[in-house]
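First up is the structure itself, then whatever we jot down about it.
Please treat every number below as a calculation from the coordinates, not as lab data. All values reported here derive from a predicted model rather than from experimental measurement. In this analysis, Cβ positions are derived from the backbone assuming ideal geometry, glycine residues included, and neighbour counts consider all displayed protein chains.
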Amino acid sequence: MPYNTHTQEKSSLEKELIESLARFINLRWTMILGICITSIFARFVLKINLPLTSILSITFYISLFNVVCIYLQKQTKSYGKLANLQISVDWIALVCLVHYTGGIESPVILYFIFHVIIAATLLSKIDCYLQTAFASLLIVGLSLLEYFHIVTHVQIKELFPVSVYDNGRYLLSITLFSITSLYISAYLATSINSRLREREKEIVVLKGDITDAYNKLEAIDREKSEFTFKVTHELRSPLSAIQSLLKSIEEGYAGEVSQKAMDLITRSEKRTGFLLTLVNDLLDLVSGKIGKQKESENKQVDINESVKNTLQLMEEKGKAKEIKITVNTGEKPFYINIAPDDLDIIMTNLIDNAIKYTERCGKIDIDCTMTEKEIIVQISDTGIGVPEDDLKTVFNEFYRSSNAKSVEQYGTGLGLSIVKNLVNKHGGNIDMQSTLGKGAAVTVSFPNEIQC
């Protein structure tokens, strides 16, 4: 585990360095363009007597070096060495620009600070301090060379009418100021960068811990689902037998029973029916989660025919509440590739919910449409609707909205969750829109994989 984490961290840091070097190269192009434009503007517009030829020559060599850097970045694997090389060459180019823009008097010297920050971003703390030392040596070296007239001082009279490069006190103070500014900048930048690196390491470790915890939770959830599947599978048969026996007694096959006994039997049969529904719902839900294959395989099923078959089963429920049900389907069959049992469960749950939560004399519309990409079924009703806050959680397991409980006290809260799992299983999508007290519309879409 630690080895994998270390490898991942190293790979991440190396990738970040590569991206930073690419940005650094792009930034150098911007710097080259900026120097050229600024120099030309100062020379011809502001009438500042800059040694334009020397400055443009420096930018030309920097451009050549940048092209070499692009090539080296594609070829080398020693990105740290490449970063050190680039910064070192930049220091030399920068000190040359300082020389041709007034030497130690030049404001260009301030740009050394920006380069220290770049060095802290690209390099290790030790390398950054070494580069800062190199930059300091270059500044001191240029100052001394000009002070002792070994190198001719370039005076920009329009900016610095009085030359101070040969003033020992000024030279000492500006040199100390420049060097201390560079080292303070290096310290601050490397300190911030080190803290960021520490945070990155913590995030990498935390990510690994979260991944392990997630995998363990997934394994536990699967074990729980396996156990639930086994228990519900074993419960379904005896519950079905109990319900069948109670119905037989209700229908008089066991002889006459007293009215009081019949009431108790009827209540027991209803409660058993509720338990059986719960067990079947749990079985459907868990089998989808753990990938248990049902007996029926995927087939080409006409969704229009499935809707009509489901409505035939629900016909008595709809008539009992005097609900007007309108079905709008296409002239041709809409085939989808799905397990017939899964489609029956989807349609039965959705249409049963629409009837259940639509008040007497209400209306239900079922529309089936097909596009080039999708086959869409929308079931809309004029029922009690769903509160807006509940729309986000209505597809959760065991969740029932508050107004749904007022219509039917005994509900499992699994119907819509089962439907969503089955729809997703077959590559579809499900969505609900609703206005409280005015009804709801559930839209199910499946990919149109079969062209008719």
Q: Could you work out the Rg to Rh ratio of the range 2-213, with Rh taken as the Kirkwood radius (inverse of the mean 1/r over all Cα pairs)?
A: 1.06
Q | Exposure proxy ranking, count of Cβ atoms within 10 Å, fewest first, for 276, 144, 285 | A | 144, 276, 285
Q) So what's the back-of-envelope 222 nm ellipticity for the chain, counting only DSSP H runs of four-plus at -39500 (n - 2.57) apiece and dividing by all residues, rounded to 500? A) -23000 deg cm²/dmol
Q: Compute the projected area of the convex hull of the Cα atoms of the range 299-447, averaged over all viewing directions, and report it in nm² to one decimal place.
A: 8.3 nm²
Q. For the residues 426, 99, 149, what sequence is obtained by ranking on other C-beta atoms within 10 Å, fewest first?
A. 149, 426, 99
Q: Would you mind getting the Kirkwood hydrodynamic radius of the range 172-274 from its Cα pairs, rounded to one decimal in Å?
A: 21.1 Å
Q. How large, in Å, is the chain by the Kirkwood hydrodynamic radius built from its alpha-carbon pairs?
A. 30.0 Å
Q: Between residue 305 and residue 389, take the C-beta separation as r, use R0 = 41 Å, and let me know the FRET efficiency to the nearest 0.05.
A: 0.65
